Amino acid sequence: MSKMSVNLAGVTLKNPVMTASGTFGSGAEYSEFVDLNNLGAVVTKGVANVPWPGNPTPRVAETTGGMLNAIGLQNPGIDVFCERDIPFLKKFDTKIIVNVCGKTTEDYCEVVERLGNEPVDMLEINVSCPNVKEGGIAFGQNPRALEAITREVKKYARQPVIMKLSPNVTDITEMARAAEAGGADVVSLINTITGMKIDINRRTFALANKTGGMSGPAVKPVAVRMVYQVANAVKIPIIGMGGIASAEDALEFIMAGATAVSVGTANFINPYTTQEVVDGMAAFLERQKVEDINELIGCVK
């Protein structure tokens with residue numbers, strides 16, 4: 001058997017396959033379909049310091065090769081998450097990565113500090129949230145704001161910090177360098193691409209929020225390109241995501257420079273996707289006589 005384990009900032013994953021935040025609930029929702037013990041990590045839906053109701057409906061619209069969503073990071077808040085979701089995930093032999101969202105730097109730090117005493121392995125900071133104190137621009141769209149929030153979060157974090165980068169920027173490498181400069185242990189990318197769909201029969205927006213985040217197979221070439229660019233710009237590990245629906249897709253990200261990968265929208269189409277990606281990657285290594293998955297990380301220059 002080829003070696004499938006990878007290391008993310010000192011955290012060893014049994015394989016490089018994890019779930020993308022917001023597409024897998026907090027694990028319980030998919031546990032009837034996928035044995036969570038077989039995944040490298042479960043990345044939870046976003047958690048805030050207080051419950052968020054999310055956006056008005058309709059929130060989801062199909063597009064060619066993907067979907068748009070404007071859920072608005074609906075979540076029950078950190079108290080419920082700690083009481084209900086963490087104990088459930090601790091039943092399984094997988095790493096727990098908690099996605100953290102907020103509207104101010106203080107919001108993020110409050111959640112990060114609270115999680116410092118919880119048995120979770122890593123924190124993924126969703127900087128695509130609008131910064132309410134800075135006129136609503138996302139933390140992840142301004143390099144100075146990104147570096148500042150990374151540095152502040154790191155003061156409170158007891159676990160390694162992953163900064164989840166937004167693709168809705170001019171230069172993704174500038175953002176990755178800002179996260180690294182702020183002390184990020186890992187970066188993950190890409191988050192969704194802002195898009196819009198119009199219902200021509202109703203002559204209105206398909207989403208109540210007007211715009212939404214586009215994900216799915218259509219974004220994969222953009223995501224692979226950005227992962228490659230970031231891998232050549234920073235020294236910290238990368239988690240790649242964006243349109244992964246098969247082992248072949250996942251391997252593109254690994255060869256572009258990602259240490260691990262996240263499966264997102266494909267979970268909605270086929271709830272078994274994560275397991276199929278794990279099995280497919282292992283089979284590829286055997287066929288290609290590759291002894292260690294780490295040999296493939298960034299092998300395409």
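Values quoted throughout were computed directly from the atomic coordinates according to the rules given, and no laboratory measurement underlies them. Computed from a predicted model, the values in this text were never measured in an experiment. Neighbour counts are summed over all protein chains in view; Cβ atoms, including those assigned to glycine, are modelled from backbone coordinates with ideal geometry.
Before moving on, here are some points about what is shown:
- Simple rule: put +1 on each Lys or Arg Cβ and -1 on each Asp or Glu Cβ in the chain, find the dipole, and look at Thr63, Val263, Thr12; the Cα lying farthest toward the positive end is Thr63.
- Length added when fully stretched, Lys155-Thr170, from 0.36 nm per residue minus Cα-Cα: 2.5 nm
- Hydrodynamic radius by Kirkwood, which averages 1/r over all alpha carbon pairs of the chain, in angstrom: 19.1
- Cα point-scatterer Debye curve for region 174-301, base-10 log of I(q)/I(0) at q = 0.17 Å⁻¹: -0.90
- Once both labels are positioned 7 Å from their Cα atoms along Cα-to-Cβ, the gap between Val60 and Thr12 label points is 3.8 nm.
- Between Gln74 and Lys301, residue separation times 0.36 nm minus the direct Cα-Cα distance comes to 77.7 nm.
- Hydrodynamic radius of region 153-222 by the Kirkwood approach over all distinct alpha-carbon pairs: 14.4 Å.
- The C-alpha radius of gyration of region 79-222, expressed as a fraction of 2.2 N^0.38 Å, stands at 1.15.
- Between Asn99 and Thr44, Val47, Glu124, the built amide H atoms are under 5 Å apart, and every one of these is 5 or more places off in sequence or on another chain.
- The Cα atoms of region 91-161 define a convex hull whose projected area, averaged across directions, is 4.6 nm².
- Per-residue ³J(HN,Hα) for region 88-104, Karplus 6.51 cos²θ - 1.76 cosθ + 1.60, θ = phi - 60°, Hz, x for Gly and Pro: 5, 5, 5, 6, 10, 8, 8, 7, 10, 10, 9, 7, 10, 10, x, 10, 9
- Beyond 27 Å in Cα-Cα separation lie the following of the pairs Lys103/Lys164; Lys90/Lys220; Lys103/Lys154; Lys14/Lys155; Lys3/Lys235; Lys95/Lys133: Lys90/Lys220; Lys14/Lys155; Lys95/Lys133.
- If R0 is 41 Å, the Cβ-Cβ spacing of Ala148 and Lys289 corresponds to a FRET efficiency of close to 0.30.
- Paramagnetic label zone (point 7 Å from Cα along Cα-to-C-beta, Ala282; backbone N under 16 Å) in region 21-41: 34-41
- Shape descriptor for region 40-139: Rg over Rh equals 1.00 (Cα atoms; Rh from the Kirkwood inverse mean 1/r).
- Each listed q (0.26 Å⁻¹) maps to a log10 I(q)/I(0) for region 50-94 from the Debye sum over equal C-alpha point scatterers, namely -0.85.
- Taken about its Cα centre, region 165-301 carries a charge dipole of roughly 700 debye when the Cβ of each Lys and Arg holds +1 and the Cβ of each Asp and Glu holds -1.
- Taking amide H atoms as placed 1.01 Å from N in the peptide plane, the amide H of Trp52 lies under 5 Å from those of Asn75, Gly77, each 5 or more residues away in sequence or on another chain.
- Taking the Cα centre of the chain as origin and assigning +1 to Lys and Arg Cβ atoms and -1 to Asp and Glu Cβ atoms, the resulting dipole is close to 620 debye.
- With the convex hull drawn over the C-alpha atoms of region 238-301, the volume per residue is 69 Å³.
- Alpha-carbon centroid distance for the pair region 25-44 / region 56-133, whole angstrom: 15
- Quick note on region 1-99: its Rg to Rh ratio, both from C-alpha atoms and Rh being the Kirkwood radius, is 1.02.
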